[in-house]
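The values are calculated or read from the model by the stated rules, or taken from the named source; none is laboratory data. Worth saying up front: this structure is predicted, and the values here are computed from it rather than measured. Here Cβ is always computed from backbone atoms with ideal geometry, including for glycine, and neighbour counts include all displayed protein chains. Note: areas computed on protein heavy atoms with side chains; ligands, DNA, RNA excluded. Shrake-Rupley method; radii C 1.70, N 1.55, O 1.52, S 1.80 Å.
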Amino acid sequence: QTLVRWYLARKNPEAAEGYLRESLKTAGTSDKTGRLTLIRFLAEVRGPDAAIKELDAMVAAGGDVALFRSLRAGLMFDKGEQGAAIADMQDILAAAEPSEDTRQIKLALARMLIGAADQVTARKLVEEVLAEDGTEVEALKLKASWQIDADQTGDSIVTLRAALDQAPRDAQLLTLMA
């Protein structure tokens, strides 16, 4: 990270990207963190189209296809292609087995649906996640937000306490609790 920041401070994003790509070659395709770092770098420095192109290559190469497809859908959603992004996320979930990654994809889709004003489907997805894992902090945050909006203060406090048991230093949780 320090070397990448150094390259960027010297206005040399090509060298930073080259370093990240070389690190991936050294670590191999199993380095999920390295791949995610490269995607984040491309999205921030080169823009979402460059990150989407890289994700397409990663999907074609195999590996964590569901993760890379969901990241691609998130970038598409941010670019304004909401319908296509939501359809991609639903397609990913249709073929996915229940897992931690699947729960995270469901939560990402729920956030997209909230942005697209489909609260009913978003709530359904959050409830599915909580049925699989009642301690999922992000799902609990969303549920508590809805409870606060519905003036269900007591229920929201119970939900937030459950979330705080898992992440006691989460600033967003503390803000919701306040």
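A residue that is among the hydrophobic types (A, V, I, L, M, F, W, C), in a helix (DSSP H, G or I) and in contact (Cβ under 8 Å) with a residue 24 or more places away in the chain occurs nowhere in the range 19-34. Against the definition (under 24 Å from F77 (Cα atoms) and not acidic (D, E)), how does L38 come out, yes or no? It is true that L38 is under 24 Å from F77 (Cα atoms) and not acidic (D, E). Scanning the range 69-87 for residues that are under 19 Å from S99 (Cβ atoms), touching a residue at least 24 places away in the same chain (Cβ under 8 Å) and not aliphatic (A, V, I, L, M) turns up S70, G74. Taking the range 167-178 as the range and being farther than 15 Å from R111 by Cβ and either open to solvent by 70 Å² or more (accessible area, probe 1.4 Å) or in a helix (DSSP H, G or I) (or both) as the test, the residues that pass are P168, R169, A171, L173, L174, T175, L176, M177, A178. For the range 86-105, residues that are under 20 Å from D64 (Cβ atoms), open to solvent by less than 60 Å² (accessible area, probe 1.4 Å) and touching a Leu at 6+ places or on another chain (Cβ under 9 Å) total 5.
So is L3 open to solvent by 30 Å² or more (accessible area, probe 1.4 Å), within 18 Å of Q104 (Cα to Cα) and in a helix (DSSP H, G or I) or not? Criteria not met by L3.
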